[in-house]
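What follows is a set of notes on a single structure, which appears directly below.
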Amino acid sequence: MCGGPGAIPSANLVFAMNLENIRLEKDGPLALVTLDRPKVLNALNAATFAELDAVCDELGGDAAVRVILLTGAGERAFAAGADIRELAAVGAAEGKAFSLRGHAVFRKIETLGKPVIACVRGFALGGGCELAMACTLRIAADDAKFGQPEVKLGVIPGYGGSQRLPRLVGRGAAMKLLLTGAIIDAQEALRIGLVDEVVPAAQLMNRARALAAEIAAQAPLAIAETLKVVDEGLDLPLDLALLREAERFGHLCDTADKAEGTGAFLEKRAAVWKSE
């Protein structure tokens with residue numbers, strides 16, 4: 001169940017939940033969440049959303065977990081999008097609920113208070129691309145493909161794609177993808193700013209773990225506050241966003257971790273964080 005190149009070494013493996021569509025593995029400060037429906041390219045059906053929501057609650061409440069890696073099982077897809085069979089059967093009211101469910105889960109990922117790194121191999125289309133965009137950072141294998149092809153199905157993105165994509169890549173590049181439904185490769189995704197790194201497929205998970213470990217070594221309260229102040233500040237006028245930054249900076253200056261971090265720097269030793 002937990003084999004393959006993306007698995008965390010079994011000696012450090014902890015199963016936290018009983019899941020059918022997702023695998024959850026923990027290794028110290030890192031957690032690996034794997035969408036596990038490879039036969040349907042890890043399509044996001046209702047059951048998967050329910051499990052992803054529960055996994056977010058589990059990881060958000062686990063103080064030992066500091067960084068989360070999110071990927072898809074198999075070599076063909078991160079997530080190929082929503083389950084089209086489910087989508088085909090919904091009308092107006094159900095469609096709105098369908099969209100709001102996705103918004104709620106993806107927003108929970110975005111505001112979890114811990115960095116979530118999307119590790120993308122193969123297709124990340126529609127809801128899969130939207131899921132990747134809801135993550136804090138995106139590392140793509142060189143075989144990754146991205147797109148929002150909803151217009152080809154007679155709809156628009158329903159899980160935040162029309163809003164997160166312009167924020168990531170700018171209005172023009174986003175509109176080109178949204179209006180044509182085009183699928184782009186990893187290098188083009190990197191060029192327009194949709195992903196943060198592109199690496200050979202064989203190195204994807206090792207690179208993601210190295211980045212996660214680098215982040216996990218930093219002060220946990222400072223990481224959480226960075227995520228929060230950036231997320232909040234994007235929707236505020238600059239003057240108010242700067243004020244929010246000053247408030248959160250002041251708050252951190254009164255923490256044990258700030259005293260430890262500055263003390264460790266001055267004493268030329270490694271800091272020992274307490275999340276206090």
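If you go through segment 233-272, how many residues are in contact with an Asp or Glu (Cβ under 8 Å, 6 or more places away or on another chain), of a type in the set (A, V, I, L, M) and not in a helix (DSSP H, G or I)? Of the residues in segment 233-272, 2 are in contact with an Asp or Glu (Cβ under 8 Å, 6 or more places away or on another chain), of a type in the set (A, V, I, L, M) and not in a helix (DSSP H, G or I).
Within segment 193-210, which residues are surrounded by fewer than 19 Cβ atoms within 10 Å (Cβ to Cβ) and part of a helix (DSSP H, G or I)? Those that are surrounded by fewer than 19 Cβ atoms within 10 Å (Cβ to Cβ) and part of a helix (DSSP H, G or I): A201, A202, Q203, N206, R207, A210. Taking segment 78-117 as the range and being farther than 20 Å from N42 by Cα and of a type in the set (G, A, S) as the test, the residues that pass are G91, A92, A93, G95, A97, G113. Only one entry of I8, I68 meets the criterion of being at pLDDT 95 or above and either assigned to a loop (DSSP other than H, G, I, E, B) or crowded, with 21+ Cβ neighbours inside 10 Å (or both), and that entry is I68.
In the set (1) buried (at least 20 other Cβ atoms within 10 Å of the Cβ); (2) more than 25 Å from R37 (Cα to Cα), the condition left unmet by F146 is number (2). Only residues in segment 135-147 that are without any contact (Cβ under 8 Å) to a residue 40 or more places away in the chain count as the first member; pair them with residues that are among the hydrophobic types (A, V, I, L, M, F, W, C) and surrounded by fewer than 22 Cβ atoms within 10 Å (Cβ to Cβ), Cβ under 9 angstrom, at least 6 apart or cross-chain, and list the lot. Going by the 9 Å Cβ cut-off, the qualifying pairs are G147/A182; G147/I183; G147/I184. Only residues that are touching a residue at least 60 places away in the same chain (Cβ under 8 Å) and surrounded by 16 or more Cβ atoms within 10 Å (Cβ to Cβ) were counted across segment 156-182, and they come to 2.
The values are calculated or read from the model by the stated rules, or taken from the named source; none is laboratory data. No experiment lies behind these values; they were computed from the predicted model shown. Cβ: placed from backbone, ideal geometry, glycine included. Neighbour counts: every protein chain shown.
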